[in-house]
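First comes the structure, then the notes that go with it.
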Amino acid sequence: MAIFRTILRKVIPFALVAALPIYSSLVFAQAPKRGGTLVVGSTQALRHLNGAVQSGLATAVPGTQIFASPLRFDDKWNAQPYLAEKWALAADGKSLTLNLRKGAVFHDGKPITSEDVAFSIMAIKANHPFTTMMGPVEKVETPDPHTAIIRMSVPHPAIILAMSPALCPILPKHIYGDGTDLKIHPRNSVDVVGSGPFRLTEFKAGQRVVLERFDKYFLAGKPYLDKIIININPDSSNLMLGLERGEIQMIPYATNSTELKRFASNPTLNLTNKGFEGIGALNWLAFNTAKKPMSDVNVRKAIAMTIDKNFISKALHGGFSQPADGPIVASSPFAVPDVIRYPLDLKKSAELLDAAGYKAGANGERFKLTIDYLPGQDEQQKNVAEYVRAQLKKVGVTVEVRASADFPAWAKRMATRDFDMSMDAVFNWGDPIIGVHRTYLSTNIRPIVWTNTQSYTNPKVDDLLNTAGGLLDPTKRKAYYATFQKIVTDELPIHFINGTPYHTVSNKKVLNVPTTIWGPVSPYDEVSFK
Amino acid sequence: MGTLRYLISRLFQGAALVLAVVVLNFALVHAAPGDPVETIAGASGGMSEELQAELRSRYGLDKPLPVQLGIYLRQVVSGDLGYSYFFNLPVSDMIADRVPATLLLVVTSVLAAFLIGTTLGVLSARRPNGLLSQSINVLSLVGFAAPVFWMGLLLIIFLASWVPIFPVSGMRGIESTGKGWGDVLDVVHHLVLPSLTLGLVYLAQYSRLSRAAMLDVLGADYIRTARAKGLSEGVVLYKHALRNAVLPVVTVLGLQFGNVMAGAIVVETVFNWPGLGRLAFESVLRRDYPTLLGVLFFSSLVVVVMNQVTDLCYRLIDPRIKTS
């Protein structure tokens, strides 16, 4: 059997790769057309364009056009050359050697050297909000202008994904290394210089970003577009109208089912849910396990049994979302199907609550709970919270749905543990080290949103995660994550509801909409107009 | 002399008022739950404790509130509105960038509302029970009662979506370069719906007010005298009656400038108009204290100045009003 698997894994891809030139010469006999302006609609205002100190999708969409990174990824989690032509992770997993492309230049014409790579990686380590990503990096050696060796204190396989466009923008040292604190560097929003396919020509805070084709881009002949305009409008229905009127050609990260349905029925538009595997967004119900009665695992299980995820996906999300059952998104190579599931069972739920000592009182009520939700994403968050309230009513639990005026108000409640249950939306961010560990490590119980605000503590889970984070062999690593996924779904600090149904909607005239694992937060150097 | 002393005393009153507004705003803004660092962490998809602490200390958020207020007041007095926490840009630059858009919107709507509203009011006062008067009444009531945001959305649905003659939102076309006469036309095209939305509310008020005032004045003895002198109806209406009837309208116009700014927040949000109102609204959501306080400070300054100007206008329209 093993030999068959080997054939499947190793030989067939080679055969495909060998056949690719013939195939592609047939399909792409004509080179993509040059020219055109792509208008991208976005509801999120970005702070600035420097992804080395600012994470998040809002900065990453334009950021990955302006800044190139050592590696990029295809749609199957395989690393591809970008600024680095070749790369090698040492056998001990403690160093990554990058061989940089020769002749690549920044937007100001200066060459890109290993010095810039070293500067950028250390800057990211010092400033980027995701501290686990470059955490083990000790130094970056630069034996020659085109070789950078990243040295790490412990084996750190996540370093490969950390080289992605959205996570590792290479900054020109001669501009950003002037000693000014990078977090408030004026060149983060004005005269931004990178080496990506597009250069910045205008940034109006909260309004728009205008990018123009960089003629000396290191991948000759690309990009195909002349210009990209990111049009920021906090009202998604305005963006929708713009797309329908042809003023906007692409909207990434659309989730609203009413809008998606309307888009899907429009013959001038395309809809894809590919390109979101990397960020791995999950919609979930978090429990405050430090608080009674949520501290009782059986209460959490009883709550889970009242929730019909299929109903949520089909009825509340119009069939656009997929139920999720574990802490790692299904599209990740580390996800396993073997997790504990909680099918809808109101009778069993009531029995569990009885057994836990929460018998119904004279008025049929067992106890009262509150549920919070992240404001601004009603369909994914508020509506599910309302549904949970209605379902729990059926087993005698009275739930009060608490609205938060805005994000900071909600974040404050999470940070100060002022909640019983809350809906939440959290990203995996590619490697579990970056986006998954933070939610379950007992060492990450902090008064900050998107840490382990559930106060979940299990030394075995800590061990599993800490070990898995340093394993180079993907199969072994996956085995550790498999055990982790089973424990977490059994102990249920979080009940996973669904994968956030992100879609990229685009005008049919737009070709090669980005659908790699990082999708809209990767360079648009292959996008063109028909 | 009286006028000068009057002006100076008004100036001091105005300054004290602005100061009080700043202190009050500061207290209000900080009463909202959550702080800017949490917003930045949110926009970042998570952030470590150390980084949050570092940001808090950089922005001075770790100091006691009275100390923060002291620092802010000293800054404002020296003419420095600080840096936006969210965008890292000077607040004064951000305000300067947004003022023209708001000014254009507010001035266009208020002027249009004032001119059209007063005219309608006068027309309807001529025959208070006529058909024209009744229709103007109904129109005014609808304009007055309908919520601004709802009007805006309706206009978008009818005139931008169903019959797409006007743009949905923004101040310029998406691909605009912002240069030349084409740009002026583009901005005017974008201005129609938002200024109509904002103007309708005030149009209603001005027409009601001027109608009532005209009816009042038209019954006065001096109008009878004017008519008895054999003056034409136009001269009686517009020279004798309107000049007196317009006073309350001017009062309201001046007083309302603050209200118009508030209405502009809603209209700018509905139409994605890149003005001060939207900046203020979004700054609240981001807990971007310096930007929000800066906008509020600027608006209070405008309102105080506008009130002084109204007072001066009074004296021009009705010379009987002196420093009383």
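Candidate cross-link partners of A:LYS348 among the lysines, defined by an alpha-carbon separation under 27 Å and a same-chain spacing of 8 or more, comprise A:LYS291, A:LYS292, A:LYS301, A:LYS309, A:LYS314, A:LYS359, A:LYS368, A:LYS382, A:LYS393, A:LYS394, A:LYS486.
Where a Cα-Cα gap under 26 Å defines reach, which lysines qualify for A:LYS110, not counting those fewer than 8 residues away within the same chain? Correct list for A:LYS110: A:LYS86, A:LYS102, A:LYS125, A:LYS139, A:LYS173, A:LYS183, A:LYS216, A:LYS222, A:LYS227.
Interface residues of region B:270-305, defined as a loss of at least 50 Å² in heavy-atom accessible area between the chain alone and the complex of all protein chains with a 1.4 Å probe, are B:ASN272. Computed from Cα atoms alone, the Kirkwood hydrodynamic radius reported for region A:97-229 is 15.9 Å.
Considering only beta bridges that DSSP places wholly inside chain A, some 80 percent are antiparallel.
Taking the C-alpha atoms only, the angle from helix A:382-393 to the longest principal axis of chain A is near 20 degrees. As a length-normalised measure over Cα pairs under 8 Å and 6 or more apart, the relative contact order of chain B settles at 27 percent. Taking all protein chains into account, the per residue accessible area for region A:136-216 stands at 35 Å² (1.4 Å probe).
Mean partner shielding of peptide A:204-215, defined as the number of other chain Cβ atoms within 10 Å of each residue Cβ, is 4.
Spatial offset of region B:78-107 relative to region A:496-516 amounts to 36 Å, using the alpha carbon center of each.
Based on DSSP H runs of at least 4 residues, each adding -39500 (n - 2.57), what is the mean residue ellipticity at 222 nm of the protein assembly as shown after dividing by all its residues, to the nearest 500 deg cm²/dmol?
-14500 deg cm²/dmol
Projecting the Cα positions of B:ALA245, B:VAL309, B:THR291 onto the charge dipole of region B:206-324 (unit charges on Cβ atoms of Lys, Arg, Asp and Glu, taken about the Cα centre) puts B:ALA245 furthest along the positive direction. For the protein assembly as shown, the Kirkwood estimate of the hydrodynamic radius, built from every pair of different alpha carbons, is 30.2 Å. Label-to-label distance for A:ALA290 and A:ALA31 is 6.0 nm, based on points extended 7 Å past Cα in the beta-carbon direction. Taking the C-alpha atoms only, the angle from helix A:346-355 to the longest principal axis of chain A is near 70 degrees.
Contact with the other protein chains removes 10 Å² or more of accessible area, compared with the isolated chain and a 1.4 Å probe, from these residues of region A:237-281: A:ASN238, A:LEU241, A:ARG245, A:GLU247. Evaluated over the Cα positions of region B:2-77, the convex hull gives a direction-averaged projected area, one quarter of its surface, of 6.4 nm². Each chain gives up part of its surface: B and A jointly bury about 3900 Å² of accessible area, both sides summed, for a 1.4 Å probe. Centre-to-centre, using Cα atoms only, region A:137-168 and region A:171-246 are separated by 25 Å. In region B:72-92, which residues give up 10 Å² or more of accessible area once the other protein chains are added, compared with their chain alone (1.4 Å probe)? Buried by 10 Å² or more upon assembly, which counts only protein chains, are B:PHE86, B:PHE87, B:ASN88, B:LEU89. Ordered from highest to lowest accessible area with the whole protein assembly present and a 1.4 Å probe, A:HIS107, A:HIS185 read as A:HIS107, A:HIS185.
In this structure region B:100-323 gives 47 Å² per residue of accessible area when probed at 1.4 Å with all protein chains present. On the protein heavy atoms, probe 1.4 angstrom, tell me the percent of accessible surface of region A:383-462 carried by carbon and sulfur. Its accessible area is 53 percent carbon and sulfur atoms.
Using a probe of 1.4 angstrom, how much of the accessible area of region B:100-323 is carbon and sulfur, in percent? Don't skip to the answer; put the middle values down first.
Details: 7570 of 10460 Å².
On region B:100-323, the fraction of accessible area on carbon and sulfur atoms equals 72 percent.
Based on alpha-carbon positions alone, could you give the equivalent ellipsoid semi-axes of region B:139-188 from the gyration tensor, as √(5λ), descending, whole Å? Write out the running numbers ahead of the final one.
Values: eigenvalues 151, 31, 16 Å².
They are 27, 12, 9 Å, listed from largest to smallest.
Diffusion coefficient (Stokes-Einstein, Kirkwood radius over C-alpha pairs, 25 °C, 0.890 mPa s) for region B:42-81: 211 µm²/s, rounded to a whole number. The packing ranking of peptides B:242-248, B:127-133, B:148-154, highest mean first, is B:242-248, B:148-154, B:127-133, where packing means the average number of other beta carbon atoms within 10 angstrom of each residue.
Once you divide the Cα radius of gyration of chain B by 2.2 N^0.38 Å, the number left is 1.20. With Cα atoms as the point set, region A:314-407 shows a radius of gyration and Dmax of 16.1, 50 Å. For region A:157-307, the convex hull spanned by the alpha carbon atoms encloses 236 Å³ per residue.
Once the Kirkwood radius over Cα pairs is known for region B:109-158, the Stokes-Einstein relation at 4 °C and 1.567 mPa s delivers a diffusion coefficient of 108 µm²/s. Based on the convex hull around the alpha carbon atoms, region B:1-138 presents an average projected area of 15.1 nm². Any chance you could check the Cα centroid distance between region B:121-148 and region A:317-338 for me, in angstrom? The two parts, judged by their Cα centres, are 60 Å apart. Rolling a 1.4 Å probe over the protein heavy atoms gives region B:2-77 an accessible area of 53 Å² per residue.
What part of the accessible area of region A:45-160, given as a whole %, is carbon or sulfur when the probe is 1.4 angstrom? Looking at region A:45-160 in its full context, I get 54 percent from C and S.
In units of the compact-protein estimate 2.2 N^0.38 Å, region A:27-76 shows a Cα radius of gyration of 1.49.
The values are calculated or read from the model by the stated rules, or taken from the named source; none is laboratory data. Please read all numbers here as calculations on a predicted model, not as lab measurements. Positions of Cβ are backbone-derived with ideal geometry, glycine not excepted, and every protein chain shown enters the neighbour counts. Protein only, heavy atoms only, side chains kept; ligands, DNA and RNA dropped before computing areas. Shrake-Rupley method; radii C 1.70, N 1.55, O 1.52, S 1.80 Å.
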